[in-house]
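First comes the structure, then the notes that go with it.
The values are calculated or read from the model by the stated rules, or taken from the named source; none is laboratory data. Owing to the predicted nature of the structure, the values given are computational and were not obtained by experimental measurement. As a convention, Cβ positions derive from the backbone with ideal geometry for all residues, glycine included, and neighbour counts pool all protein chains shown. For the accessible areas, the whole protein counts, side chains as well, though only heavy atoms, and no ligand, DNA or RNA atoms are used. Shrake-Rupley method; radii C 1.70, N 1.55, O 1.52, S 1.80 Å.
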Amino acid sequence: MKNIDIDFAKFCFENKHYDKAKEIFLNNDMLYEAGFSALLAGNLNSARLIWKEVKDPCLATGWGLIILDVIENKPFTKSPGYFQTRAFYEVYLNLFIENKLYDWADNMIDAYKFFTRSNSEVPKFIARILAFWGYSSLVHEFAEISKKICYFDPEIHFIEAEMYLAEEKYNQAYDAVKETLKVSPGYFPAAKMKEMIEKSGFVL
C-alpha cells in the first residue's frame, strides 16, 4: 500500500499538487520530499519545520536548509559541499522559475558568489537554466562570468551559442560554436550546430 501511496505522491508532485504530495510523503516518513513539497507550495515555515525534524540530515536536507537561509536573506552560516551544489543548484533554480517563485530564484542567482566558492561551475549552471527559460541578457552575463573562471569549458561556449541561435544572432552563434570546437574539437553537438549554421546561409 505504501508503494502505491508513494507513486501517487510522486504523481502529485510532478503535477504541482504540492500540498497533497507533502501529506503523503509525511505519512510515509519521507521528510526531505515532504519538506521540498512544502517549499514549492510556498510554505517556508512548514519546509523548515519538517527538515528540522530529520535526526540525521542527508545531503539533500542539508541543502534545503541552506536554500531556506538564502531565500530569507539570512547570514550564510554554512557553505554547501561541491557535490551538493552540483546535484541540487540547477534543480532548485529551475523549479523556482517553473513555479513562478521568482523572488526566490533571484535570491539564488544573487548569491552566486557564495555558491561559487563551493563549486566554480555555478555561473554555468545559472546560464544553462536561464537559457532554457529564455533570459538572454542574463545568459550572456553569466556566460562571461563562467568564462573568466574557466575559459576552457566547452559547455559554456555551447550554451552561449545556443542562446545566440535562439536570438537569431547567427554570426555570434557561429563564433561561439567555433570557439566551442576550438576548446573541444570532439564536441559533437557543436560540430552539428556549426554544420547547420553553415548550411543555413545566414552567416556572413
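The table that follows gives values for the structure above.
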quantity	calculated
Matching helices (runs of 4 or more DSSP H) fully within the stretch 81-123 where at least 1 residues are over 20 Å from Glu141 (Cα atoms) and either open to solvent by 30 Å² or more (accessible area, probe 1.4 Å) or of a type outside the set (Val, Ile, Thr) (or both)	82-98
Lone unmet requirement of (1) at positive phi; (2) buried (at least 17 other Cβ atoms within 10 Å of the Cβ) for Trp51	(1)
Residue within the stretch 14-24 that is under 28 Å from Asn119 (Cβ atoms) and either surrounded by fewer than 18 Cβ atoms within 10 Å (Cβ to Cβ) or under 19 Å from the mean Cα position of the chain (by Cα) (or both) present	yes
Of the criteria (1) part of a loop (DSSP other than H, G, I, E, B); (2) over 14 Å from Glu33 (Cβ atoms), which one Pro57 fails	(2)
Any pair with Cβ under 7 angstrom, 6 or more apart, that starts in the stretch 118-146 at a residue that is in contact (Cβ under 8 Å) with a residue 60 or more places away in the chain and ends at one that is buried (at least 18 other Cβ atoms within 10 Å of the Cβ) and in a loop (DSSP other than H, G, I, E, B)	none
Residues of the stretch 151-181 classified as within 21 Å of Ser120 (Cβ to Cβ), surrounded by fewer than 20 Cβ atoms within 10 Å (Cβ to Cβ) and free of Cβ contacts under 8 Å to residues at least 24 places away in the same chain, total	1
Residue among Ile66, Ile6, Ile71 that alone is open to solvent by less than 40 Å² (accessible area, probe 1.4 Å) and more than 19 Å from the chain's Cα centre (by Cα)	Ile6
Residues that are surrounded by fewer than 19 Cβ atoms within 10 Å (Cβ to Cβ) and under 20 Å from Tyr92 (Cα atoms), drawn from the stretch 137-150	Leu138
Residue that is among the aliphatic types (A, V, I, L, M), open to solvent by less than 70 Å² (accessible area, probe 1.4 Å) and in contact with a Lys or Arg (Cβ under 9 Å, 6 or more places away or on another chain), where the choices are Ala60, Ala38	Ala38
Search result, residues across the stretch 124-135 that are of a type outside the set (A, V, I, L, M, F, W, C), more than 25 Å from Gly81 (Cβ to Cβ) and buried (at least 16 other Cβ atoms within 10 Å of the Cβ)	Tyr135
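Residue-by-condition table, conditions (1) modelled with pLDDT of 95 or more; (2) of a type outside the set (Ser, Thr, Tyr):
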{"position": "Arg128", "(1), (2)": "yes, yes"}
{"position": "Ser136", "(1), (2)": "yes, no"}
{"position": "Ile145", "(1), (2)": "yes, yes"}
{"position": "Phe152", "(1), (2)": "yes, yes"}
{"position": "Glu162", "(1), (2)": "yes, yes"}
{"position": "Lys178", "(1), (2)": "yes, yes"}
{"position": "Val183", "(1), (2)": "yes, yes"}
{"position": "Pro189", "(1), (2)": "yes, yes"}
{"position": "Val203", "(1), (2)": "no, yes"}
